[in-house]
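Okay, structure first, notes after.
Nothing in this text is a laboratory measurement; each read-out follows from the coordinates by a stated rule. Values in this document were obtained by computation on a predicted structure and should not be read as measured data. Note: ideal-geometry Cβ built from the backbone for every residue, glycine included; neighbour counts use all protein chains shown.
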Amino acid sequence: MTGSSIPACLMRGAKIMKSFFATAGAVALIASLSACTKKEEAEKKASEDDAMVEFETPSDDESAGDDKLLNDNAPLENALDLIDEDAPEADGTERFFGKKSFTIVSKQTGMEEGDVVEHVRDWGRKRAEIKNTSVSIGGFTQPTSQRAIYDGSKITTVDETTGRVTTTTNPMYDAIVARMKGKSGVDFGKEVMIQMNGEVTDEKGNFDGHDCEYWVIASMGAKSCITSWGGTLHTIVNMGGMSMEKTAIEVRMNDGGPDDAFAYDASKATEAPNLEEIMKKMNPG
């Protein structure tokens, strides 16, 4: 049923699943923070241009179900314990991956289907994720065509359908970088995975000629195949009756992607909801 509103309870479950795809590799929590604004951005977009996606106010029963889903995925919150909010500003030398530049082209199936391309530059300080997918839940379908551009602490999202550009600042970026001091981004990624109750397995994989080892987070019904340099080449998530799988079909080393992937019209940019305030509301304690 393309074009109908997707119930809020389903979208919140999808948001948690999609956030795992972003947290599975060495970049860990940095990319996942953009998922925190999905609901707020969509609500704003819906009021501005009569978007087809609508978010319902959950009933008490729905909220209770959502709380259980979030509590069942406490490993995501556990990972936040690694972070010192009073960390100094990042100095621009941080390295999140063991390779300076690369591109991963993936196919995604399941609840969200389509193509995902990730361009990485400057050891992960700059990334561009290009998604042309559609989310299908309970007979509802929502197409997505967007680019998410990460440049240090700055996150810019470009909606390729409407041309809408939003920017925000990741309030945890400097703290994550500070936590990485004295260790590689790959080692830090493993530390985050362990903090999320992740375990490395004996299972190995190879995608487009690149070896990887599987990590499992049982509480999230998830496993990912991660390379020695921190790239995530395969991820499967099964959570609450919903499932997604992302598989790398092409890996290009020393290719950080075209400049166009990182370009946007700054004059059209609007500031997205403040992530720090959202995080405070999510974790009032």
19 Å reach of a label modelled at THR201, 7 Å along Cα-to-Cβ, counting backbone N of the stretch 232-252 = 232-248
query = Can you run phi through the Karplus equation (6.51, -1.76, 1.60; θ = phi - 60°) for the stretch 110-119 and list ³J(HN,Hα) in whole Hz, with x for Gly and Pro?
reply = x, 4, 10, 10, x, 10, 10, 10, 10, 9
query = What pairs from LYS190/LYS246; LYS99/LYS131; LYS126/LYS223; LYS181/LYS268; LYS131/LYS183; LYS246/LYS268 go past 29 Å between their alpha carbons?
reply = LYS181/LYS268; LYS131/LYS183; LYS246/LYS268
query = Out of residues 5 or more away from SER243 or on other chains, whose amide H comes under 5 Å of its own, with H placed 1.01 Å from N in the peptide plane?
reply = MET111
ask   = So between ASP208 and ASP255, what do we pick up on full extension, going 0.36 nm a residue minus the alpha carbon distance?
value = 15.4 nm
inquiry  = What are the ³J(HN,Hα) couplings of the stretch 231-248, residue after residue, when phi is run through the Karplus curve with 6.51, -1.76, 1.60 and θ = phi - 60°? Round to Hz, x for glycine and proline.
reply    = x, 9, 9, 7, 9, 10, 10, 10, 9, x, x, 10, 9, 9, 9, 10, 10, 6
note = Stretched fully, the stretch from GLU271 through THR109 gains (0.36 nm per residue minus C-alpha distance, one decimal, in nm) 55.2 nm
remark   = Note: the stretch 129-174 at 37 °C, 0.692 mPa s; Kirkwood Rh on alpha carbon pairs; Stokes-Einstein D in µm²/s works out to 275
note = Taking placed amide H atoms and a strict 5 Å upper bound, the residues 5 or more places from GLU160 or on another chain that come that close are SER145, GLN146, ARG147
key: Modelled FRET efficiency - R0 41 Å, SER243 with THR161, Cβ distances, 0.05 increments   = 0.95
